[in-house]
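Below: the structure, in structure tokens.
The values are calculated or read from the model by the stated rules, or taken from the named source; none is laboratory data. These numbers were taken from a predicted model, which means no experiment stands behind them. Glycine gets a Cβ as well: all are built from the backbone with ideal geometry, and neighbour counts include every protein chain shown. Ligands, DNA and RNA are excluded from the accessible area calculation, which covers all protein heavy atoms including side chains. Shrake-Rupley method; radii C 1.70, N 1.55, O 1.52, S 1.80 Å.
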Amino acid sequence: MKKIEEEFVKEFNMSLGNQKSFEDIKDKINIGRFQNKKMSSNKVLYRISGIVVAFMLLTAITIPTAIYFSSMSGTPSISENSFDDDNITIEFLREKDCLFYDNLVFAKDNHNHVFVTNDDKIIEHYKYAVVEFNESSYDNIYNKNIIDAVEYIGIPSYAGISSELSLDYSYNDGYIRRLKLTKNDDGLFINGVEVLDKENPQTWFDPEKTDLPSIEQCGQISIGMSLDEVVRKIGKPQRDIGYGARLFQFDIDNGLTLKIWFDLDVEKENEYVHNNPNASVYGTHALYVGEFEIGE
């Protein structure tokens with residue numbers, strides 16, 4: 001298994017020049033080898049035709065069978081993209097990359113959703129209309145339960161920092177609002193809001209993070225993703241190792257690390273600075289994934 005993982009890491013790092021993501025080569029590790037054979041166009045056509053026929057036959061057999069056994073087992077299906085389904089599961093929420101924090105799960109479709117969990121089961125579900133950002137909304141949330149606060153400010157973007165109970169709301173105005181929380185038997189309550197500038201690198205790091213991403217989660221990262229998108233998927237980086245370059249390091253739960261080089265979208269950065277003349281640091285507001293690799 002170690003040899004397979006080494007081949008996976010080697011192939012992944014080699015693939016960066018072609019701007020592949022983990023997802024592009026993930027299936028190769030599952031079969032334990034890499035196939036590099038080329039087929040002629042005729043062989044490809046014959047193979048595709050055979051696959052289509054086999055798939056049609058298999059579908060004709062398996063779908064009725066699956067429906068039959070599903071009805072026999074009494075296990076209802078779950079809607080593909082809706083969080084309104086009464087039969088929704090924790091596994092479904094994880095597959096949809098929802099934000100898990102304490103005993104809460106935050107999700108968004110055409111509504112904002114908050115699920116309360118206990119022993120890996122959903123025990124309550126709250127649904128609110130999607131709200132637009134408004135600074136005055138924060139006047140309504142002090143001392144409120146975070147579940148009630150979602151009605152006014154929407155769902156959080158990602159977890160705050162591990163050294164304190166906190167949730168971050170990231171907006172396009174160049175700032176992050178970090179909700180400071182306290183916890184009692186009735187839930188999580190808001191006792192403060194800290195406004196953080198995205199141009200300050202310290203805003204992005206969580207050196208004490210213990211909830212580390214898996215290598216499969218890291219496989220969702222791809223060239224061109226914004227720093228915001230990366231943090232939503234795998235959490236904050238632990239450290240800056242760029243020494244002037246925009247190079248962030250993320251710890252993975254298998255002991256390896258993910259290094260991401262971020263490029264700057266100059267046009268978007270200039271637009272931000274133009275709209276925010278008091279910005280003191282240039283070059284951190286419009287960062288996008290340029291390269292990435294895993295290693296020791």
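Of the numbered conditions (1) buried (at least 19 other Cβ atoms within 10 Å of the Cβ); (2) in contact with a helix residue (DSSP H, G or I) (Cβ under 7 Å, 6 or more places away or on another chain), ARG178 satisfies every one except a single condition; which is it?
Answer for ARG178: the failing condition is (2).
Return yes when ILE161 is part of a loop (DSSP other than H, G, I, E, B) and closer than 20 Å to SER226 by Cα and no when it is not. Explain how you work it out, then say what you get.
Details: part of a loop (DSSP other than H, G, I, E, B): yes; closer than 20 Å to SER226 by Cα: yes.
Yes; evaluated as a whole, the condition is true for this residue.
Consider LEU188 against the criteria (1) within 21 Å of the chain's Cα centre (by Cα); (2) buried (at least 16 other Cβ atoms within 10 Å of the Cβ): it satisfies all of them except one. Which criterion is unmet?
For LEU188, the failing item is (1).
Results for (1) within 25 Å of GLY154 (Cα to Cα); (2) not β-branched (Val, Ile, Thr), shown as yes or no for each residue.
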| site | (1), (2) |
| --- | --- |
| LYS183 | yes, yes |
| ASP186 | yes, yes |
| VAL193 | yes, no |
| LEU196 | yes, yes |
| GLU199 | yes, yes |
| TRP204 | yes, yes |
| GLU208 | no, yes |
| SER222 | no, yes |
| GLU229 | yes, yes |
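Touching a residue at least 24 places away in the same chain (Cβ under 8 Å), more than 20 Å from THR210 (Cα to Cα), touching a strand residue (DSSP E or B) at 6+ places or on another chain (Cβ under 6 Å) and outside any helix (DSSP H, G or I): does that describe ILE155? Outline the logic, then answer.
Values: touching a residue at least 24 places away in the same chain (Cβ under 8 Å): yes; more than 20 Å from THR210 (Cα to Cα): yes; touching a strand residue (DSSP E or B) at 6+ places or on another chain (Cβ under 6 Å): yes; outside any helix (DSSP H, G or I): yes.
So ILE155 fits the description; yes.
Here are some conditions: (1) assigned to a loop (DSSP other than H, G, I, E, B); (2) of a type in the set (Asp, Glu); (3) open to solvent by less than 10 Å² (accessible area, probe 1.4 Å). ASP168 meets all but one. Which one does it not meet?
(1)
Please state which of the following conditions LYS198 fails to meet, knowing it meets all the rest: (1) surrounded by fewer than 20 Cβ atoms within 10 Å (Cβ to Cβ); (2) in contact with a His (Cβ under 7 Å, 6 or more places away or on another chain).
(1)
Kindly establish whether ILE221 is under 23 Å from LEU165 (Cα atoms) and open to solvent by less than 20 Å² (accessible area, probe 1.4 Å). Spell out how you get there, then give the answer.
Values: under 23 Å from LEU165 (Cα atoms): no; open to solvent by less than 20 Å² (accessible area, probe 1.4 Å): yes.
For ILE221, the condition - under 23 Å from LEU165 (Cα atoms) and open to solvent by less than 20 Å² (accessible area, probe 1.4 Å) - is not met.
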